[in-house]
Structures are given as structure tokens and as C-alpha cells.
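These notes concern the structure reproduced below.
The values are calculated or read from the model by the stated rules, or taken from the named source; none is laboratory data. Predicted, not measured: the structure shown is a model, and the values here were computed from it. Quick reminder, even Gly has a Cβ in these numbers, built from the backbone with ideal geometry, and neighbours come from all protein chains shown. Side chains are part of the model used for accessible areas, which takes the heavy atoms of the whole protein and leaves out ligands, DNA and RNA. Shrake-Rupley method; radii C 1.70, N 1.55, O 1.52, S 1.80 Å.
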Amino acid sequence: MNGETRYTIGDLARRTGLSVKTIRYYADRGIVPPTDRSPAGYRRYGPDAVARLELVRTLRDLGVDLAAIRRVVDHEVPLAEVAAAHAEALAVQIRVLRLRHAVLIAATRRGGGADELELLHTLARLSGHERRRLVDDFLDAVFDGLVTVLAYPGIMRSLTPELPDEPSAAQIQAWVELAELARDPDFRAGMRRLVRQYAADHDVPGLPRPDAVAVVRDAVAPALAAGVDPTSPAADAIVETVTGRYAQLSGQSDGADLRRRLLTRLGTANDPRRDRYLDLLAVVNGWPTGGQTAPALDWFIRALRGRMSEPHPA
């Protein structure tokens, strides 16, 4: 004996809070070997055994496997190296769990069956390359024939979702729903019509111009906030402002034909799925949401239709 303190397994159990069975298991695995044995043959441990067991318990609580723990306590590998490797493994697990959680939440909210759950899971598990291909396919279908027009690459970028490498649960949920919309042939067709209508109104070179929806949204916002009735005389000035601005942007004169065309444009744009796509896009990309356009479009469509039978001043 060299005079150092020796502990029995019972002593270590009381000092560390670990069970005798657990300490014996670690000893048998060579992670916390006994220093010697008593004359009666019982295992005894030196002072460093307490510190070893505390480290082992901490690493086990963090999910590190026993083989890696033994290499750490035996000084075969630095603790930092094992910690870094395990942190990366945990990050992967967290991403998987976040994805699974998002899919289950989406399935719960939608109340669909097994087929829909499988679709949601498939969309959530797409690789970065597969997501890019799905988005490109959607944008190609919407902007086919317009990609060479100077203004449209910028518009396409503004409609492109970019899921980050470490997405939140909300971003994954938004991506799954957005991907479903992007695959919907009817939604694609509606967006394609909207883009072509915009192109017909702005068939001039240069930077992107405000579309009819933006003009209506900005002009109608104060009226909505003030509770103005779209059929009241107070709405006259707003209708004149919008139709005048639309005529200017499209290079046409204000009149019955232009107003009918504007109604058609707004009817196409007044699709709640368009608003939903933009809201989801903002969540996926981490952008601020721009607010719903449907209330403004509904208001203005009512206001304009109510005045279509009235003669428009020359």
C-alpha cells in the first residue's frame, strides 16, 4: 500500500450516485478498472475513480457510446475530438427528428390518410438536388418562353424557395406544403396565366414594373383599414387611381376595355393559393411576410364591377 485512499464499490456508489451494478459493469468493461483488491478479494478503487465515473456518466448522458468513452478515459483520443464527432452525429439526429416532427404535425393538421402521409414524408426527405429540380420544374412550367426577357429572371428568383441547411420545424412544414403546391397542375396553370397576363401588360424592356395586384394592394390598403364600402362614393377616387395607374403601366388608355382586362387580371390573381405560396415562401426563405392580397383584391373587384355599367369620362 502506498497510503492512498481506497474506495469500495459501495463507497463509489454513495459518492457518485451510480448504482453498484453500473459501476461493476464499467469495471468489467475496463472503463473504470479497480486499483487493487482487498485481502478478502473485493475490488478497491483509487481517488481518480470518482472523477472517471463522473466523466463517464456525463458522456453517457450525452449519448456517447462506451467504446468511445473508454478511448477517452484511457487517453487514446482527446475528449474534444470525441465531443466534436458526437456533436455532429447529434446534429444529424436532430435534423431527422425535426423533419419527422414537421411531417407528423403537417399530417395532423391536414387529417389525411396513409397516402398523403407518405407524400408528405417523401417531400420532406428530398435532397437539396431533388428540391432544386422540383422548384426548377415548377418555375420552368410557369415562365416557359419568358426566361430570356430581361425582367423575368429577377421575378423567378423572387419566387424561388431556398430551404437552409439547418431549417427550423416551421420551415420544413412550410417547404412540404409549398412543394405540394408547386406540384399541383392546376396551381401551375393559374400561375402561368398570371405571368402571361403580366407579360402582355408589360411587354417592354427594362426592370420589372409593379403588377396589377401590387397597384391594387397599395391603393386599397387605406380604404380597408378605414372600413370604406367598395360600393360607396368614397371608393370612386380609389378606382380612378388604380385604373389610371394600370393604364400607365400597360401603355393603354383608361376605358371600358382596359377595365374589363383589369378585372380579368385580378380574377386570375385572386387565388388564395397564390397568397399561400408567397406566405410559405417567406417562411422557407426567412423573409418577412408581405400580408394577404385577397382582401384588397376582393374589395377592388367589387368596387370596379359596380362601376362597369357607368360611362367612363373621356
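State whether the range 82-203 is rounded, prolate or oblate according to the following rule on the C-alpha gyration tensor (a ≥ b ≥ c being the square roots of its eigenvalues): a/c under 1.5 gives rounded; otherwise a/b larger than b/c gives prolate, and the remaining case gives oblate.
Numbers: a/c = 3.35, a/b = 1.77, b/c = 1.89.
Judged from the Cα gyration tensor, the range 82-203 comes out oblate (a/c at least 1.5, b/c at or above a/b).
Calculate, in whole percent, how much of the Cα-Cα pair population of the range 1-144 lies beyond 26 Å. Intermediate values should be presented prior to the final figure.
Values: 5455 of 10296 pairs.
In whole percent, the long-distance tail amounts to 53.
Once the Cβ-Cβ distance of Thr231 and Ala91 is raised to the sixth power relative to R0 = 45 Å, the FRET efficiency obtained is 0.20. Principal-axis analysis of the Cα atoms of the chain puts helix 169-183 at an angle of about 40° to the longest axis. Please identify the longest segment of the chain free of exposed GluC sites (Glu not before Pro), where exposed means a DSSP state other than H, G, I, E or B and no more than 15 other Cβ atoms within 10 Å. It works out to 163-314.
Roll a 1.4 angstrom probe over the protein heavy atoms and tell me the percent of accessible area of the chain that is carbon or sulfur.
On the way: 9490 of 17300 Å².
Ligands and nucleic acids excluded, carbon and sulfur give 55 percent.
For Cα extents along the principal axes in Å, the value calculated from this model appears in [x] 55, 49, 38; [y] 115, 43, 38; [z] 69, 41, 34 under label [y].
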